[in-house]
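Working notes, structure below.
The values are calculated or read from the model by the stated rules, or taken from the named source; none is laboratory data. Worth saying up front: this structure is predicted, and the values here are computed from it rather than measured. All Cβ positions, glycine included, derive from the backbone under ideal geometry; neighbour counts span all protein chains shown. Just the protein is used for accessible areas: all its heavy atoms, side chains included, with ligands, DNA and RNA removed. Shrake-Rupley method; radii C 1.70, N 1.55, O 1.52, S 1.80 Å.
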Amino acid sequence: MYINEECIDIIKKQRKEYFSALIFVIALLSFIFRFISNYTISNAMMESDYTLEIRGLSLKYLLISVAGEMYDVNVRIKEDQASLYKFYGDDLYNHYKWIQKTYLDMDDEMKTYLNTIYSDGTNEGKLIYIVAELGDEAGIHQINSRIQSSTLPIEIKKASQKFYPYFYENYLKDYIVLKRNTYNDYFAELNQKIQKEQFDLLGFIERISGIKYDRRYKPVLYYTLRPGNAWGFPYKDLYIALIPFKKNEYEDFFYILYHEYSHKIFKTITHTNEFKNLTEELKSNSTIYDAWNNNYYNQFYTWEAWCEDILVEGFAMYLDYKAKGNRAKEIKSIRPYDHEYFEYLVQKQFDSRTMNLKSITIQFLEEIVPKKQLSS
């Protein structure tokens, strides 16, 4: 943060006010450090063109995401996930127990509807995009009406018409009230920080990558309740991100957003034939291929999307590095080679003013394609 020029002039011209001005500065810095938690934004990021807006919890997204999480926890993922939720704290571990208990409490008919909606791993994303046009205060009937008017398959719409009102009225309605009481003060505080700093998030990504978004988006943030899970997608003039709740860790707050908001940048690379041809060759890299082809990630990602996600995660690490001016603590990831891509950018001293992100990315991919064995 900066002290404005007027304050500096007063300090210079009116020495008698020196101590009161100094006390003001100390109080201001104390206020900032209390909120920022040792995280500072560099000068290059202090622009207001794309100021992020925090909108917190909205039923239209929570309804879709919590039900999807319930399906994954109880049906799709066979392993116990208690340790994962415990890692994120007591609140999320209690959420995990609520997810399990709610599923067990539902009758078999509703479990069948849930299965119909979410057995295809891509449906959650489709549903989230469908309800995006609704207002943030949309109720269960508006949400269901919007789903029914969509082009989803008839069996999905029928299951949604039965399941979502039942799930909301019997379980989710009271649960959201509980969560709102817990989180609303935090959202207001977080919004205050963001608006005060005027962090040009999308502009920062453009400047570091050297690639412009296809339009001038307004970044808008909503929260879900599932740890380690996030969505990002453009909708009209908004670039919406749904991220998991992680209170009091402001230092890591932007990292998730770097990932979600970089996908649109990398589409300019991953939609090229050069990239698509390389991903075919990358199938011979067993580390990358086996991490995807495990009957879980291949239900949510196409092969090309998995390769893109590796690059996006590595670039998020690079954005974090450029923002802070140093390497943060290592961030664990499910994706192979994302950290290697980050290190490659650092090693090459990537600078969009003198280098092309597509070219350096293609070079990296070419280096991790297994070399063909020479025939004897």
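What to note about this one:
- Solvent-accessible area, 1.4 Å probe, carbon plus sulfur percent, for the range 272-368: 42
- Dipole in debye (nearest 20) - the range 272-368, about Cα centre, beta carbon charges: Lys, Arg +1; Asp, Glu -1: 440
- Cβ-placed point charges (K, R +1; D, E -1), dipole of the range 56-196 about Cα centre in debye, nearest 20: 240
- Solvent-accessible area per residue, Å², over the range 56-196 with all protein chains present [probe radius 1.4 Å]: 48
- Gain upon complete extension [Q192, Y296; 0.36 nm per residue less C-alpha separation]: 33.6 nm
- Simple point charges give the picture: +1 on the Cβ of Lys and Arg, -1 on the Cβ of Asp and Glu, and for the range 165-322 a dipole about the Cα centre of about 540 debye.
- Most positive-pole-ward Cα, I143, I154, N229, against dipole of the range 120-237 from beta carbon charges: I154
- Shape of the range 272-368, Cα gyration tensor, a/c cut at 1.5: oblate
- Once backbone amide H atoms are built at 1.01 Å from N, T224 has I243, F245 as its partners under 5 Å, excluding neighbours fewer than 5 places away on the same chain.
- The range 216-353 - convex hull of the alpha-carbon atoms, volume per residue in Å³: 141
- GluC sites (Glu not before Pro) restricted to DSSP loop in the range 276-376 with at most 12 other C-beta within 10 Å: E330
- Distance (nanometres) between label positions extended 7 Å along Cα→Cβ at E343 and K86: 3.2
- 5 angstrom amide H check on K218, placed H, neighbours 5+ away: L238, Y239
- The modelled label-to-label distance between Q363 and E280, using points 7 Å beyond Cα along the C-beta direction, is 2.5 nm.
- The range 254-340: trypsin sites (Lys or Arg not before Pro) in DSSP coil with no more than 15 other Cβ atoms inside 10 Å: K283, R327, K329, K332
- For the range 56-196, the fraction of 1.4 Å probe accessible surface lying on carbon and sulfur atoms is 48 percent.
- Qualifying GluC sites (Glu not before Pro) in the range 175-279, DSSP loop, other Cβ atoms within 10 Å at most 12: E249
- Residue among N184, Q81, A67 farthest towards the positive dipole end of the range 56-196, charges placed on Cβ: N184
- At 0.692 mPa s and 37 °C, Stokes diffusion of the range 56-196 via Kirkwood alpha-carbon radius, µm² per second: 204
- The label point for E169 and the one for N326, both projected 7 Å from the Cα toward the Cβ, are 5.7 nm apart.
- For the range 306-322, Karplus couplings with θ = phi - 60° (6.51, -1.76, 1.60), whole Hz, Gly/Pro x: 5, 5, 4, 5, 4, 5, 4, 5, x, 6, 4, 4, 5, 4, 4, 4, 5
- Scalar couplings 3J(HN,Hα) for the range 253-264, obtained by applying the Karplus form with A = 6.51, B = -1.76, C = 1.60 to θ = phi - 60°, are 4, 6, 4, 4, 5, 4, 5, 4, 8, 8, 4, 4 Hz; x denotes Gly and Pro.
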